[in-house]
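S.K.: The structure's right below; bear with me while I get my questions together.
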Amino acid sequence: MQVSWLGYLASTGVKEMNYLIADPVSVTDAQRPHFTETVWQLPGSANCLKPPAPSARLAVTPLPALRKGHVTFGSFQNLGKANEQVLALWAQVLASVPGSRLRWQNTQLGDEATRDQVRQRLGALGIDPHRLSLHGKVSRRAYLAAYGEVDIVLDTFPYPGGTTTCEALWMGVPVVTLQGERMLSRQGPALLEAATLPQWVAPDRDAYVRTAVSLALDPAALAQLRSAQRQRVAASPVFDAPAFAADFQQALQGMAAQAH
């Protein structure tokens, strides 16, 4: 018996692949016929991030906007996920929130020539370079600490964040994501649904902008949300590793039983 899970977010199209593990949001019942595999839906989430050990956990910081006097949108996605449509939507968000900034961090941005190219791409969309903060690779601890500089994460599409979305939620930062039509593009919505935060899933691009702007224009509510978010998501399927392991084990046992 062969099972596909997590590493390839689509049908393999291979008849020898028996099952694909998903969840009800990333693969709906209506989408099952598009898969050559039998889709096995886990009850909570097909993704899970085990929280750091208590001794290694960084505290959630107060809302940066209260200290800086402006809202900082952020992204930790690699450049390959940020196509021109993504950048155009980010530019629209920034234009709708006067004085806001964009903080972007990934491995590629450790190169100065690459940073210049990104400044030019965003500059062509009307984003002044002074509103950009571009950062390269850092240690794991420094990377998580960087969420303390971000008020709101803007997700990419059609390839949204996975691990980075979980990390942002754990560090108290809301993530605005766009609803997609296929398994790959529905990973962000699936994670937010499992984290009990579906209000940040935008059905279309206009709603994406409205959601981001609405969060940015109410810093008091955003600060309150930030202080309580870790406790909320820690109790959700996204971070409940023992429950996820039990669901995963039950799924494999169910597949094996059907095979025999």
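S.K.: So what is the diffusion coefficient of region 166-260 in µm² per second by Stokes-Einstein at 25 °C and 0.890 mPa s, using a Kirkwood Rh over Cα pairs? If you can, show how the numbers build up before the last one.
M.R.: On the way: Rh = 15.0 Å.
Using the Kirkwood radius from Cα pairs, D works out to 164 µm²/s.
S.K.: So if each residue of separation counts as 0.36 nm, and I subtract the Cα-Cα distance between VAL138 and LEU217, what length gain in nm does that give?
M.R.: 25.4 nm is the gain from fully extending VAL138 to LEU217.
S.K.: Counting only heavy atoms of the protein chains, get the accessible area per residue of region 1-70 (1.4 Å probe) and round it to a whole Å² value. Don't jump to the answer; show the numbers that get you there.
M.R.: Numbers: 3990 Å² over 70 residues.
Spelled out: the 1.4 Å probe surface of region 1-70, per residue, equals 57 Å².
S.K.: Which percent, nearest 5, of DSSP beta bridges in the chain are antiparallel? Spell out each step's value before the answer.
M.R.: Values: 0 of 21 bridges.
Counting only bridges with both partners in the chain, antiparallel ones make up about 0 percent.
S.K.: In debye to the nearest 20, how big a dipole does the chain give about its Cα centre with +1 on each Lys and Arg Cβ and -1 on each Asp and Glu Cβ?
M.R.: Details: 23 positive and 20 negative charges, 148 e Å.
In total the dipole reaches around 700 debye.
S.K.: Please grab the % of Cα pairs in region 120-213 that end up more than 18 Å from each other.
M.R.: Details: 2236 of 4371 pairs.
In whole percent, the share of Cα-Cα pairs in region 120-213 beyond 18 Å is 51.
S.K.: Taking only the Cα atoms of region 48-154, how large is their convex hull per residue, in Å³? Numbers along the way, then the final one.
M.R.: Details: hull volume 12.2 nm³, N = 107.
Given the Cα convex hull of region 48-154, per-residue volume reads 114 Å³.
S.K.: For region 149-166, just list the computed ³J(HN,Hα) in residue order, Karplus coefficients 6.51, -1.76 and 1.60, θ = phi - 60°, integers in Hz, with x standing in for Gly and Pro.
M.R.: Karplus-based 3J(HN,Hα) across region 149-166 equals 9, 10, 8, 9, 8, 9, 6, 8, 7, x, 10, x, x, x, 4, 5, 5, 4 Hz.
S.K.: Quick one: in the chain, what % of C-alpha pairs are over 28 Å apart? Don't skip to the answer; put the middle values down first.
M.R.: Numbers: 12206 of 33670 pairs.
Percent of Cα pairs beyond 28 Å in the chain: 36.
S.K.: Ratio of alpha-carbon Rg to the 2.2 N^0.38 Å globular estimate for region 42-104, to two decimals, please.
M.R.: Numbers: Rg = 16.3 Å, N = 63, 2.2 N^0.38 = 10.6 Å.
With N residues counted in region 42-104, Rg over 2.2 N^0.38 Å equals 1.54.
S.K.: Please state, as a whole number in µm²/s, the translational diffusion coefficient that the Stokes-Einstein equation yields for region 1-82 at 37 °C and 0.692 mPa s, with Rh defined as the Kirkwood radius across alpha carbon pairs.
M.R.: On the way: Rh = 16.5 Å.
For the chosen part, D equals 199 µm²/s.
S.K.: Express in whole angstrom the spacing between the alpha-carbon centres of region 137-166 and region 75-133.
M.R.: 14
S.K.: Taking all protein chains as present, what is the carbon and sulfur share of the accessible area of the chain, in % to the nearest whole number, probe 1.4 Å? Don't skip to the end; give the middle numbers.
M.R.: Working: 6680 of 12270 Å².
On the chain, the fraction of accessible area on carbon and sulfur atoms equals 54 percent.
S.K.: Over all alpha-carbon pairs of region 6-51, lay out the pair-distance distribution in 5 Å bins, whole %, shortest bin first.
M.R.: P(r) for region 6-51, in whole percents per bin: 5, 23, 32, 22, 11, 5, 2, 0.
S.K.: A further question follows. Counting only Cα atoms, I'd like the Rg/Rh figure for region 87-149, Kirkwood definition for Rh. Walk me through the intermediate numbers first.
M.R.: Values: Rg = 12.3 Å, Rh = 12.4 Å.
Ratio value, two decimals: 0.99.
S.K.: Report the gain in length on full extension from HIS260 to ASP128: 0.36 nm times residue separation, minus Cα-Cα distance, nm rounded to one decimal.
M.R.: Details: separation 132, 0.36 × 132 = 47.52 nm, distance 6.24 nm.
Gain on stretching HIS260 to ASP128: 41.3 nm.
S.K.: What angle do you read, to the nearest 10 degrees and between 0 and 90, between the alpha-carbon axis of helix 112-123 and the longest principal axis of the chain?
M.R.: Approximately 80 degrees, to the nearest 10.
The values are calculated or read from the model by the stated rules, or taken from the named source; none is laboratory data. None of these values were measured; they are calculated from a predicted model. Neighbour counts are summed over all protein chains in view; Cβ atoms, including those assigned to glycine, are modelled from backbone coordinates with ideal geometry. Accessible surface areas use protein heavy atoms only, side chains included; no ligands, DNA or RNA. Shrake-Rupley method; radii C 1.70, N 1.55, O 1.52, S 1.80 Å.
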